[in-house]
Structures are given as C-alpha cells and as structure tokens.
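Note sheet for the following structure.
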Amino acid sequence: MDTDFEQRKEMSLIFYLPICLIFSMGFLFPVVSLFVSGFKGFNLAFFSDPFFEHVVTFTYGQALVSSLLSVFLGLVVAFLIQEWKVVGGRFLWRFCLLCSSLPSIIVALGILGAWGPGSILGRIVFDQRTVFGWPGLLLGHVFLNFSIPMRLIGNALRERNRTSELTALSIGMNRWSVFWKITLPEVRTSVLSSWILTFLFCSTSLFIVLFLGGGPRFTTLEVSLYEAVKLNFDNGKAVQIASLQALVGIGLYVVYLKAQRPPRIKSPNLVPSIFVPRSFSSSMLGTVSLWVLIGALIGVPLVSILQDGGFLFSFLDSSELWSAAVISLGIAGAVGLIAIVILYPLLHVLHHSQRSGRKQALLWLVVLPQFFSSLVISLAISIFYPGVRGTEMMAYLGIVLAQTLFVIPLIQFPLREGFYHYSLEREWTAQSLGASRWQRFLHVELPIMRRPLFLAVLITVGYSLGEVSTILLFSPMGIRTLALGIFQSMSRYRFQEAHAITVILLLVMLIVFGVAGFLEDSDE
Amino acid sequence: MSEVVISKLQVERKSFALEISSLKLGAGKILGVMGKSGSGKTTLLHAIAGFVSLKYGDVDVFGIRVSELPPEKRKIALVFQKPWLFEHQTVLENVCFGLKLQSLSRSKCEEQARFWLKRMEIESLEKRKIWELSGGQAQRVSLARAMAVKFPLLLLDEPFSALDSPLRKDLRNLLKQIVQESKSCAILVTHDWRDIEGTSDQVLILDQGKELAFGSPEEIRKNPNSRIKAICED
C-alpha cells in the first residue's frame, strides 16, 4: 500500500536531479579533470624549486599565523559580547559580521587608505616601515576572518549548558579555572571548526596578498596561480598549483567534517552566566577595550573609504559605472535564482526524507566547493570547458556556474534553519485537514520559508557583487562589474576612481547585509 | 452499526511491530487508547491517518476504505500533543485553514471558524498572532481547527496533557458533547485515566504493540490483570 512517503520516494529523483547535474558537470568532473591534468603534467623539478618551496612554506605559514590570531581575537570578542555583556555588544556583533562579509578587495583598499604610506595613522604607527608585508597581511586576514570564530564560538557559548559551571563554582572552583576546565572544552568543537575555515580562507586569499603583500617574498600559492593564469598564461604551472591547493582543501574538508557535531535545537539559556563582571570598572574596561579594538581593526579602514566618497560625484555621470552596476546586479540575480531553484528542492526532499545517511552525505557534498578557492574552481571549469572563455555569453555562463557553486554552501545554512521550523508534525496537521502537496507547499511551507529564502537571496547578492576572481578568470575584457572595476582601478594606481566605485559597492553591500542581519536577528 | 472498522492492522518499524486484530467504533463514540510509552499508541493514530505505511490490514471510516487513500483524502483530522498552529496566520486564519480547502467562500469560512472559536470560548482571540497565545489557548485553537472541518473521524494524541486541571475537564466535556452531536467518531490517546472516564465509550489498552485489553471503561477498571491495573493507575 502506498502512503505519502512512498509517493515522495518516486518523486524525489526530480528534486535531486538539478543539483546532481550542476555539481557533477560544474564541479566534480572539472575538478577530477584538473587532478588528471595535474598528474599527467607532474614535474618534480617544479615542486623542488627553492622559490616554489618558499611560496608553499610562506602560504601555509602566514595562513597559520593569521588564522591563530583570528581565532584568538574571535574568541575574545565572542566572550566579551556573550559573557561580559559589554555595552553595545549586540551592535558590535552585527557590525563585525556585516563588515567581514565585505569583498576582500574593498578591505584591502580600506587598509591601504587607513594604514598605508599616505595616511597619517600609517606614518605614526609604522614609522619608517610600511603596512606592506606581514602587518598588511595580518590586518587584512584578521579583518576578514575573525568574525568566523566570533560567530561560531559565540553561538556555542550562548547555547551551552551553564549548570555545570554554576555547580563547579559552588564547590569552590574560581572563575578562571571554570573557564579553562569547563567552558573552553565545551566550545572546543567550534574553536576547531572555525580555525579550519579561517586557515583555509587565509591560505587561499588573493587580493589581500596581492595588494598588501609587498613583493615576491610575500607570494602565496593563490597569487602564483593568478600570475600563472593571467600574466604568464602558463596553464601547466597553474594546473599543478591548483591541484596542490585542491588536495589541501580536501584534507581540510575531511578534518572539518570529522569535527562537526549534529546541530542542537536552540533553546533559551535561562541560567545566568558566571562571567558577568561584578564591578562597574571591570565592565567598563571590557566595553572600552572591545570598542577600541573593533574601531581600530574595522572602523578606521571603513572611515578611510567613506571619507574619499567626495570623489564619488565626479564619477556618477560615467555610463561605464552604471553599466558595471547593472551587470553586477544581473549576475547576482542569475546566481541567486539558480542557486535557490536547485538547492531548495533538495533541502525540501532531505527535510522529508527519513534516510539520515543520504541526507548527511548530500549536505556534505554541497559544502565541498567552499573548500576550494574560486580561482581553482574557475580554472577547473575553464579547462574542462575550453569554450567558456570563447565568447561573452559563454563567459557569463562560466561566471554564473562558478559563483552558484560557491553560493550554495553559504545559503544552505539559513534555508536549513528555516526547515527546522517547518516540522513534520505541522505538515501532517495540514495534510490531515485535507491539504494536498501543492496546497501544503503554497499555504504552509512557503510562508514559513519566506524569510529564510529572502535571506538566502540577500546573501547571494552580497557575495556575488563582491566576487572578482571568477570574473577575472572568465572574462578577459568584455564583462566589467563593480568589483572588477575596483580591481582594475587599483591595478592602474587610480585610487580615486577605485574609492568612488568602492563607496557605491560598499553602500549597496551594507544595505544588503544590514537587511540580512536584521532578518537573522528577528528570527532569533 | 460500527462506523470505524479497523481489521487485522499490522505496522512494522525498525525494532517495533504493532498488531491490532479487530477494532470497531460506532457513530458518536470515543475510543480511548492507553498504554505505556513505546506501546504503539501514537503509531496506531499515525497508521490510521496514513502517515505510517501499513504492512497489512484495512481501515474503513463510514463505509469508505480509507487505508487505500493518501492522508489528505481520508477526511481524518489529527490533533497532536503540541498544537502545531501555523505561525504566519492569525487565530481566525488557522481555524479557517481546513475550511478554505473545502472551497467554501471566505465569509462562510470565517462564519464557521467564529462559531468554533465561540464553542471553545476563545472568540475574543480571533485576531491574535499565534505567539501571543498561552499553551491552553493554543491547544483550544488547534482543537477548533480540527473540529471545524467536520471530518467523520478525529484522532487526538494526548491533546490535554499540557493543560491545567479545570481546563482539561472543560475540554473533555466539550469533546464528548461535540462528537455526540456531530455523530462523528474520535480516538483519544492519553496517559490519564481521568481523560478516559470523562470521554470514552470504549478503551483499548496497548502493551508493546499488542492489544492487552478492549472494553468499556468499567470493564477495564474491574479487570484483575495486574499489568492493566498498572497502566490505568500510572
């Protein structure tokens, strides 16, 4: 006898098909082909070259230092906001999340403006030396990445069980010991997960190293890859570098999956924190330290971008600028539409599927592209489909495909959270009242998922507007987006023009991510 | 005449099997189902509603073999322990949900919904959002929503368990009255013998997926079997 479950199983193939098609054609086949090309052209002399050895050591060395610093800072900020209850903590939390979502090219420009040789602060702080090199790399990477540990650890701190800490305090442990022996072990999974992600993003960062690195000594694998593809047109070298990066990405992906725990149902934590400061002076010390820290790290670069906004008006009548804005939004819209159209049905079916093994495997698969840099995936696609760089239309297809693969891991979080609210019992209730599958979808599921869907669209638009690597790789000349405009202006040392475009992009992104943040907050 | 007939029902799940040889319920009657946790009470309701596959057996409701139909076509309303109201709708819209699916006009839906809200004594809440309701109010909205569609069979999975004593008593009386008036049937799963005494015409005691006893509340009460006594007094 067939029940709804059996009917669903027959239907589910239709839901799985689009995402399987996109992932196999756009990601798995190109990446496998990249590995095959890498092995075919394997050259030991290339890997044993002293400069390449330096590049590898420097790439992962700087990623290690940057990621450890980011995790430390993220832990401190998360602790101060969640436990110390600093004044304006909620605002700072949202502000940090919002600013770290900005494209790396904007962050590089902001840091150059704030701490570069031309700025007063730069001259005071760095004296004879400049921000280029280690200071620039660390500032850029921490700016962009410390909010990952801040968010993951902060959420773990908020949702942890505080009863054991109260018990420990009552049997005579001091607060410091409680923190080391109970609180920190409780959030160690989040610390590890956030470190893996941060290390990955720091090792594959391109524009921070390109604009703030300062010379060949500060070359990373990603920069070498960019130079091989765009400057030297050496595809053989590019494939070898990309294969190495992809292998490291897969390794980190495996460790990341091992570190994951099943998601917990969020519940309000009614037990008070034992770390809330007892005196007004300690409370104020925490507040001032946090505001100064965030102000210096994020506020100053942002202000430096906005203060050059006056130049904006001289570029407003440029038709090229407006066409770049239209192209940027067009690509973002297409990416958002495709990503949601292929991901939503999959999550819908997985939500209703009772096979947890299959569910987990597919969710792991959709996260995988996040562990590859956009340059690596774009290269893999362009090698597997050589025609993609042939015409403008094909280039658009390549850009949208590559960006869709990157956006899917990002938007699956809000959509999955939305589905947690759409419980099976609620659907059964509607069904028992006579609602057919479509009626349940239209009148129950869609209204519940409306907010997560809107959030997913905003995340997609935000990500896509700031994406440069895919456009750089697929489009030699024709397609000019806002983010690419910033890159080209900076490459030609036309910083006023870069600032003007940045201000437009920055304002759009602040609005997009601000609304997204508001939606997330109101959900909580 | 029996209006709900369950015959040779078998459900198999991973490490659990439910078997009901025969069960009959007349119009206007309520069947109470009791048993320890994991005895198969909820599985029985889900199997009747069509949310769990039957390995074997049939379910007939008012002469229609519903076990061959998908859940939405069975005309069996299900009420859970938690109200599971639709949070994007108001109280009135929640009660209208099932009525709208019956292609009634908007004014007719609202008229009927208001009637049921009044019977549940929550007519003043019709414009409220779901998160503004207390647990008891939400459960009454859930009952109103299920009763408004006037389906011949109503399945209730511990609907009173989260309510306080006076409200429980009121809702028990109301449920009995509505089922008798509408000549429909109801199956009530509960852990509380007072719910059975206050509503049910017949009682089914389940133990590890098997029928332990079936009869009127008085017959079950007088049964000397110690396991039955333990379940009833739990």
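Derivation of every value follows stated rules applied to the coordinates shown; laboratory data play no part. Because the structure is a prediction, the values reported are computed rather than measured. Quick reminder, even Gly has a Cβ in these numbers, built from the backbone with ideal geometry, and neighbours come from all protein chains shown.
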Exercise. Fewest first, what order do B:58, B:201, B:195 take by the number of other Cβ atoms within 10 Å?
Worked result: B:58, B:201, B:195
For this session: Can you tell me which of B:141-151, A:322-332 comes out highest on packing, and rank the rest after it, using the mean Cβ neighbours within 10 Å?
Result: B:141-151, A:322-332
Exercise. Assuming R0 = 45 Å, what is the FRET efficiency of residue A:421 and residue A:234, from their Cβ-Cβ distance, to the nearest 0.05?
Worked result: 0.30
Exercise. With each run of n ≥ 4 DSSP H residues scored as -39500 (n - 2.57), what mean residue ellipticity at 222 nm is computed for chain A after dividing by its residue count and rounding to the nearest 500 deg cm²/dmol?
Worked result: -23500 deg cm²/dmol
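Go ahead and run the numbers for FRET between residue A:365 and residue A:217, Cβ-Cβ distance against an R0 of 35 Å, rounding to 0.05.
Numbers: r = 39 Å, r/R0 = 1.10.
The calculated FRET efficiency here is 0.35.
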Problem set entry | Net dipole in debye of the range A:84-234 [+1 Lys, Arg Cβ; -1 Asp, Glu Cβ; about Cα centre; nearest 20] | 620 debye
Exercise. Given labels modelled 7 Å from the Cα in the Cβ direction, how far is it in nm from residue A:123 to residue A:43?
Worked result: 4.7 nm
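Charges at C-beta only: +1 for Lys and Arg, -1 for Asp and Glu. How large is the resulting dipole of chain B about its Cα centre, in Debye rounded to 20? Don't jump to the answer; show the numbers that get you there.
Details: 36 positive and 30 negative charges, 64 e Å.
That gives chain B a dipole magnitude of about 300 debye.
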For this session: Order the peptides B:122-130, A:381-389, B:76-84 from the highest to the lowest mean number of other Cβ atoms within 10 Å of their residues.
Result: B:76-84, A:381-389, B:122-130
Exercise. From the backbone phi of the range B:181-194, what are the Karplus-calculated ³J(HN,Hα) couplings (6.51 cos²θ - 1.76 cosθ + 1.60, θ = phi - 60°) in whole Hz, Gly and Pro given as x?
Worked result: 4, 7, 6, 8, 10, 9, 10, 10, 8, 8, 9, 10, 4, 5
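Sorted from fewest to most neighbouring beta carbons within 10 Å, what does the list A:60, A:420 look like?
On the way: A:60 17, A:420 12.
With the fewest neighbours first, A:60, A:420 line up as A:420, A:60.
Stretched out fully, how many nm does the piece from residue A:329 to residue A:289 gain, at 0.36 nm a residue minus the Cα gap? Show your work: numbers first, answer last.
Working: separation 40, 0.36 × 40 = 14.40 nm, distance 3.89 nm.
Full-extension gain reported as 10.5 nm.
Rounded, prolate or oblate: which one fits the protein assembly as shown, using the alpha carbon gyration tensor with axes a ≥ b ≥ c (rounded when a/c is under 1.5, else prolate when a/b beats b/c, else oblate)?
Prolate.
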Problem set entry | Estimated inter-spin distance, residue A:296 and residue B:106, nm [label 7 Å along Cα→Cβ] | 6.1 nm
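Work out, step by step, the length gained on full extension between residue B:170 and residue B:132: first 0.36 nm times the residue separation, then minus their alpha carbon distance; give nm to one decimal.
Working: separation 38, 0.36 × 38 = 13.68 nm, distance 2.21 nm.
Working it through step by step, the gained length comes to 11.5 nm.
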Exercise. Rounded to the nearest whole Å³, what is the per residue volume of the convex hull around the Cα atoms of the range A:311-464?
Worked result: 154 Å³
Problem set entry | Long-range amide H partners of residue B:35 with built H, under 5 Å | B:206
Problem set entry | Reachable lysines, given that their alpha-carbon falls under 29 Å from the alpha-carbon of residue A:85 and they are not under 8 places away in the same chain | A:181, A:266
Exercise. Out of every Cα-Cα pair in chain B, what percent are more than 27 Å apart?
Worked result: 33 percent
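For peptide B:47-59, how many partner chain Cβ atoms fall within 10 Å of a residue's Cβ, on average? Walk me through the numbers on the way to the answer.
Details: counts 1, 0, 4, 8, 9, 2, 6, 2, 1, 1, 1, 1, 0.
Average per residue, whole number: 3.
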Exercise. Hey, what number do you get for chain B at 222 nm if only DSSP H runs of n ≥ 4 count, each worth -39500 (n - 2.57), divided across all residues, to the nearest 500?
Worked result: -11000 deg cm²/dmol
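A 26 angstrom limit on the alpha carbon distance is what I want to check against. Which of B:41/B:229; B:55/B:229; B:75/B:100; B:14/B:169; B:41/B:118 exceed it? Please list the in-between numbers first.
Values: B:41/B:229 17 Å; B:55/B:229 31 Å; B:75/B:100 14 Å; B:14/B:169 37 Å; B:41/B:118 31 Å.
Pairs exceeding 26 Å: B:55/B:229; B:14/B:169; B:41/B:118.
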Problem set entry | Estimated inter-spin distance, residue A:320 and residue A:515, nm [label 7 Å along Cα→Cβ] | 3.0 nm
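State whether the range A:1-121 is rounded, prolate or oblate according to the following rule on the C-alpha gyration tensor (a ≥ b ≥ c being the square roots of its eigenvalues): a/c under 1.5 gives rounded; otherwise a/b larger than b/c gives prolate, and the remaining case gives oblate. Mind showing how you got there, number by number?
Numbers: a/c = 2.65, a/b = 1.21, b/c = 2.19.
Judged from the Cα gyration tensor, the range A:1-121 comes out oblate (a/c at least 1.5, b/c at or above a/b).
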Exercise. Could you give the dipole magnitude of the protein assembly as shown about its Cα centre, charging the beta-carbon of Lys and Arg +1 and that of Asp and Glu -1, in debye to the nearest 20?
Worked result: 940 debye
For this session: Would you mind putting A:179-188, B:18-27, B:184-193 in packing order, based on average other-beta-carbon counts within 10 Å, highest first?
Result: B:184-193, B:18-27, A:179-188
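Would you mind calculating the relative contact order of chain A from Cα pairs under 8 angstrom and at least 6 residues apart, reporting the percent as a whole number?
Working: 599 pairs, mean separation 110.0, N = 524.
About 21 percent, as a whole number.
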Problem set entry | Shielding of A:441-447 by partner chains, average beta-carbon count, 10 Å | 2
